[in-house]
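Asker: Here you go, one structure.
Please treat every number below as a calculation from the coordinates, not as lab data. Just so it is clear, the model here is predicted, and its values are computed rather than measured. Here the Cβ positions follow ideal geometry from the backbone for every residue, glycine too, while neighbour counts run over all protein chains shown.
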Amino acid sequence: MAIDEEASIPVIDHSAFVLGDECARVKALAEIDRACRDWGFFQLVNHGLGADRLENILQCTRDFFALPLERKLDLVTPMSPIGFLNQSGASGVVDRKEHLLFFGLDHPSVRHNAWPESPHGFRGVVEEMMRECAAFSKLLTRILFEALGLSGDCAREIYNKESGDSFLLPFYPACPPDYEHELVLGQHKDGGILTLLSQLNEVPGLQVLKDDRWITVKPLKNSLVINVGDVMQVWTNGRYKSVMHRVVRRENDRFSMAFFHIPGSSTEIAPLEEFTAHEPPKYRKFVQGEYIQLRMKNRSMGNKAKEVTIEHYAV
Ligand SMILES: O=C(O)CCC(=O)C(=O)O
């Protein structure tokens, strides 16, 4: 598939939701609605996650991944997705990256998070960011519901009883120029409600599929990339799109941060009545935890089976 370096995903100004100007709010809601239908992705500027906090996360992340591999391997947690990982990939495609994954602070298994002793202060910085991201992703979910013409409280009723949130710090090591644009993270969609992503050190690499072309997401200073996940696609019966994305190699080290806003594992997911009044449901009901388990097998090393996607539940 061709790569389009010219096109850009929509950019939306979050200050429209803060300043109290009703016209600006209505316009921004319409922009979000269009972006979620057409792209499944947008970049948000003037969001509430402070630039200094993002800088602190970048610093901690750099320092952690600069440690010798043996020290990082101390944080491998067998049989669990959390902690350090430097080997993943499926269907013969190896992800050339390392990452640290944590359960969100409201996740029932948060106590199992594995914390590095070095760099000093890492846990405090990451927990503060996770707290911010959890609050901001709830707010954004309410904004997406409002853009859909639903009450923001609707979100509270359908998924807020427990949390499946997680927080990822990936590191994509620099590659020699000849290998630029090789895949480092295979194409996939996200399995939750929505994802907040920061290209922390502004090295590009993230690409989004649109009309059979890969569009590079150009890093904008202090912006957040927001993307719709599979759950939002099911809730809206396909109106909002969970879109394929991937990461390609670059000549520079690349650091990013992703917060996956995910319903708790016992939450039942199905198209909302509001979207099935005039058309049949496109998905059957499923339980979030079951879907997450199926997806985890997708990316486990050596898995040769066909990837399980949300189409597994299509009717
Ligand atoms: O690092 C990035 O830019 C994207 C990460 C991502 O898509 C993922 O880990 O699911």
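Asker: Of all residues being farther than 22 Å from residue 226 by Cβ and within 16 Å of the ligand (Cβ to nearest atom) in the range 252-281, which is nearest to the chain's Cα centre (by Cα)? Just the residue, please.
Answerer: Across the range 252-281, the extreme among qualifying residues is 253.
Asker: Name the single residue that is surrounded by the fewest Cβ atoms within 10 Å (Cβ to Cβ) among those in the range 232-283 being outside any loop (DSSP other than H, G, I, E, B) and of a type in the set (Val, Ile, Thr). Reasoning before the result, please.
Answerer: Within the range 232-283, the first condition is being outside any loop (DSSP other than H, G, I, E, B), and the residues that meet it are 232-235, 245-248, 254-255, 257-261, 263, 268-269, 273-275, 283.
Adding the requirement that they be of a type in the set (Val, Ile, Thr) leaves 234, 247-248, 269.
Working: 234: 26, 247: 24, 248: 21, 269: 24.
By that ranking, first place goes to 248.
Asker: Let me spell it out: the conditions are (1) surrounded by fewer than 16 Cβ atoms within 10 Å (Cβ to Cβ); (2) touching a residue at least 12 places away in the same chain (Cβ under 8 Å); (3) closer than 29 Å to residue 182 by Cα; (4) of a type outside the set (Ser, Thr, Tyr), and residue 85 meets all of them except one. Which number is the exception?
Answerer: Single failed check for residue 85: (1).
Asker: What is the one condition in (1) without any contact (Cβ under 8 Å) to a residue 60 or more places away in the chain; (2) more than 9 Å from the ligand (Cβ to nearest atom) that residue 205 does not satisfy?
Answerer: (2)
Asker: If you don't mind, another one. Any idea how many residues of the range 141-167 are aromatic (Phe, Trp, Tyr) and farther than 24 Å from residue 28 by Cβ?
Answerer: Count: 1.
Asker: Now, a different point. For the range 198-224, which positions are farther than 13 Å from residue 8 by Cβ and of a type in the set (D, E, K, R)?
Answerer: The answer is 202, 211, 212, 221.
Asker: Turning to a different aspect of this structure: Based on this model, can you work out whether residue 226 counts as within 16 Å of the ligand (Cβ to nearest atom) and either within 29 Å of residue 61 (Cβ to Cβ) or in contact (Cβ under 8 Å) with a residue 12 or more places away in the chain (or both)?
Answerer: For residue 226, the condition - within 16 Å of the ligand (Cβ to nearest atom) and either within 29 Å of residue 61 (Cβ to Cβ) or in contact (Cβ under 8 Å) with a residue 12 or more places away in the chain (or both) - is met.
Asker: Sticking with this one: Of all the residues that make up the range 100-134, how many are free of Cβ contacts under 8 Å to residues at least 40 places away in the same chain, in a loop (DSSP other than H, G, I, E, B) and touching a strand residue (DSSP E or B) at 6+ places or on another chain (Cβ under 7 Å)?
Answerer: The qualifying residues number 3.
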